[in-house]
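Each value in this text was obtained by applying a stated rule to the coordinates, not by laboratory testing. Note that the structure is predicted; figures quoted are calculated from it, not measured. All Cβ positions, glycine included, derive from the backbone under ideal geometry; neighbour counts span all protein chains shown.
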Amino acid sequence: MTEIRQLTTDAELRANSELAAVIWREHFHGIITDEQIEYMLERFQSFEAMKRQTESEHYEYYGLFADGDQLGYFAVADKGDGTLFLSKLYLKKEARGKGYASQMFERIRQTARERGLGSVWLTVNRHNDSSINVYRHWGMQVIREQAADIGGGFVMDDYVFSIDI
């Protein structure tokens, strides 16, 4: 049995950041450099980053659990412009291809509908083919490309995907 629940305590966010480090080092190896992976983990996926995001940037973190084991997580932020930003959606390698990501995405769409928001959008690295294929499968479409300087000499070279709710 799977359960999706909001992660709100320091202990939950700390465990989530540890899961993020495992997933990121495995998934992004070969897509971006190991140096950029470590930089982005610290800047966007660390406990301190998650704590800051939830306290002052309107992010909400959710974990996907199966039989008590956390298999993945996602984070969303209501941007105040009628859209829901899907900032993060990650699964352990062994949990991929089993429909869990689709369960998570349906929960995200449900959240947007309940809040009366018009769309869900996300950014994805232009070389992250496996994730791009999943987003296209869900009916999302590229609405633009963007390159964002994230500091440390690194750039995020992304597609922006969106789907109307």
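Data for the structure
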{"item": "Two-site FRET efficiency, Met1 against Lys79, from Cβ-Cβ distance with R₀ of 22 Å, rounded to 0.05", "result": "0.10"}
{"item": "Simple spin-label estimate for Ala11 and Lys51 in nanometres, 7 Å along Cα-Cβ", "result": "1.6"}
{"item": "Along each principal axis, Cα extent of the range 107-149, largest first, Å", "result": "33, 24, 14"}
{"item": "All aspartates and glutamates inside 14 Å of Lys92 as judged from Cα atoms, apart from same-chain residues fewer than 8 positions distant", "result": "Glu18, Glu26, Asp69"}
{"item": "Using θ = phi - 60° and Karplus 6.51 cos²θ - 1.76 cosθ + 1.60, couplings along the range 47-62 (whole Hz; Gly, Pro as x)", "result": "4, 4, 5, 5, 4, 4, 4, 6, 7, 10, 10, 6, 7, 10, 9, 10"}
{"item": "Spatially proximal lysines relative to Lys98 (Cα-Cα < 26 Å; intrachain offsets below 8 disregarded)", "result": "Lys88"}
{"item": "Equivalent ellipsoid semi-axes, the chain, via Cα gyration tensor eigenvalues times 5, rooted, Å", "result": "21, 20, 17"}
{"item": "Under 19 Å from the Glu35 label point (7 Å along Cα→beta-carbon), backbone N, the range 134-165", "result": "148-157"}
{"item": "Residues Lys79, Lys92, sorted so that the one with the fewest Cβ neighbours within 10 Å comes first", "result": "Lys79, Lys92"}
